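> This is the structure I have questions about; it appears just below.
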Amino acid sequence: MAYSRGRCLLPDWLEKLGLSQAEYSRRSGRSKRVISHFCNDTRLMLPEDLYTASKLLGCKMEDLYEWIEH
């Protein structure tokens, strides 16, 4: 069984926790532009980004994307 990434769920997590992209950018150390790319699905989060987000947002790495089974 194989999986691929669907929609990035970072915007959902930020909304749920009341964080702006700018505040998340500051906390994560990534530029606002990169965070915007993640949130708009124009760039995939690297494993390091997923790990950082999971620590900052209190979720699992796999909770940051929808996963599509093939």
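> In debye to the nearest 20, how big a dipole does the chain give about its Cα centre with +1 on each Lys and Arg Cβ and -1 on each Asp and Glu Cβ?
Using only the charged Cβ atoms, the result is roughly 360 debye.
> For the chain, give the percent of accessible area contributed by carbon and sulfur heavy atoms, probe 1.4 Å, rounded to a whole number.
So the carbon and sulfur contribution to the accessible surface is 52 percent.
> Sorted by accessible area with a 1.4 angstrom probe, largest first, how do Met45, Met61, Met1 fall?
Ranking Met45, Met61, Met1 by accessible area, largest first, yields Met1, Met61, Met45.
> Sticking with this structure for a sec: Show me the three semi-axes of the equivalent ellipsoid for the chain, from the C-alpha gyration tensor (sqrt of 5 times each eigenvalue), largest first, rounded to whole Å. Working shown, then result.
On the way: eigenvalues 81, 30, 24 Å².
With the √(5λ) rule applied to the chain, the semi-axes are 20, 12, 11 Å.
> While we're here: Could you compute the FRET efficiency for Arg33 and Arg5, with r as their C-beta to C-beta distance and R0 at 22 Å, rounded to 0.05?
Between Arg33 and Arg5 the formula returns 0.60.
> Whole number in Å², please: accessible area per residue of the chain, 1.4 Å probe, ligands, DNA and RNA not counted.
Averaged over the residues of the chain, the accessible area is 66 Å².
The values are calculated or read from the model by the stated rules, or taken from the named source; none is laboratory data. This structure is a prediction, so every number in the text was calculated from the model and none was measured. Note: ideal-geometry Cβ built from the backbone for every residue, glycine included; neighbour counts use all protein chains shown. Keep in mind that these areas ignore ligands, DNA and RNA; they rest on the heavy atoms of the full protein, side chains included. Shrake-Rupley method; radii C 1.70, N 1.55, O 1.52, S 1.80 Å.
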